[in-house]
Amino acid sequence: DAGVIQSPRHEVTEMGQEVTLRCKPISGHNSLFWYRQTMMRGLELLIYFNNNVPIDDSGMPEDRFSAKMPNASFSTLKIQPSEPRDSAVYFCASSPLAGWGNEQFFGPGTRLTVL
Amino acid sequence: KNEVEQSPQNLTAQEGEFITINCSYSVGISALHWLQQHPGGGIVSLFMLSSGKKKHGRLIATINIQEKHSSLHITASHPRDSAVYICAVGPGSARQLTFGSGTQLTVLP
């Protein structure tokens with residue numbers, strides 16, 4: 001299996017632009033997680049899905065952030081409009097079982113820079 | 001929100017040494033994860049614990065629910081173990097999920 005695939009690997013954009021990050025989970029996994037990592041705040045869980053349904057989005061920082069999972073093999077995290085403080089590495093992870101309390105497999109991350 | 005403290009923040013060891021990294025948290029949890037972040041940034045989930053002890057190869061993770069404490073042990077450490085080790089504790093919701101600040105481990109040959 002190719003593991004969790006994220007694209008793009010690097011994104012540089014200007015403040016105010018819309019940014020879309022993409023994730024393909026491991027085939028057959030039922031849960032998908034979006035994380036953000038910064039030097040200041042460390043790792044944070046933004047949202048997770050179970051069977052394509054958003055279960056908990058309480059970690060999403062504000063309305064500029066939205067996440068979707070239209071099917072079992074694809075998810076997006078969108079930031080609109082982007083701001084410099086959104087600069088971070090965004091990780092997607094998937095798990096074969098429901099919920100956060102199970103082994104997760106992480107993608108390589110997308111490094112976002114907002115100028 | 002749960003407070004999570006990891007110790008030590010930085011650890012340098014010689015190849016072959018036994019290593020212990022600690023994680024303490026302040027409130028009850030449903031699960032605790034140990035993560036390994038490689039120098040290139042990639043993250044690997046090492047263990048998920050809700051009680052007791054787990055072992056995988058040279059890695060052993062323990063958790064004491066009453067004392068709100070977990071330890072990650074590495075036996076016969078190797079330079080390829082050099083990474084940041086992060087514990088994360090969850091009582092339930094994403095907003096309540098708390099990550100430790102990480103322990104930077106360097107194993108010298």
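The values are calculated or read from the model by the stated rules, or taken from the named source; none is laboratory data. These figures come from a predicted structure and were not determined experimentally. Backbone-built Cβ (ideal geometry, glycine too); neighbour counts: all protein chains shown. Heavy atoms of the whole protein, side chains included, go into the accessibility calculation; ligands, DNA and RNA do not. Shrake-Rupley method; radii C 1.70, N 1.55, O 1.52, S 1.80 Å.
Numbers for the structure displayed
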quantity	calculated
Qualifying residue in the stretch A:52-62 (condition: touching a residue at least 24 places away in the same chain (Cβ under 8 Å), more than 11 Å from chain B (Cβ to nearest Cβ), open to solvent by 20 Å² or more (accessible area, probe 1.4 Å) and in contact with a strand residue (DSSP E or B) (Cβ under 8 Å, 6 or more places away or on another chain))	no
Some residue of the stretch A:38-48 being at the interface with chain B (Cβ under 10 Å from one of its Cβ atoms) and open to solvent by 60 Å² or more (accessible area, probe 1.4 Å)	yes
Residue within the stretch B:88-101 that is assigned to a strand (DSSP E or B), more than 9 Å from chain A (Cβ to nearest Cβ) and either in contact with a helix residue (DSSP H, G or I) (Cβ under 7 Å, 6 or more places away or on another chain) or of a type in the set (Ser, Thr, Tyr) (or both) present	yes
Out of B:Gly100, B:Gly41, sole residue that is closer than 28 Å to A:Asn50 by Cα, in contact with a strand residue (DSSP E or B) (Cβ under 6 Å, 6 or more places away or on another chain) and open to solvent by less than 40 Å² (accessible area, probe 1.4 Å)	B:Gly100
Unmet criterion (only one of (1) over 24 Å from B:Phe99 (Cβ atoms); (2) modelled with pLDDT of 95 or more; (3) not hydrophobic (A, V, I, L, M, F, W, C)) for A:Asp1	(2)
Where a residue in the stretch B:55-81 is free of Cβ contacts under 8 Å to residues at least 60 places away in the same chain and its partner, wherever it lies, is assigned to a loop (DSSP other than H, G, I, E, B) and surrounded by 18 or more Cβ atoms within 10 Å (Cβ to Cβ), with Cβ under 6 Å and at least six apart	none
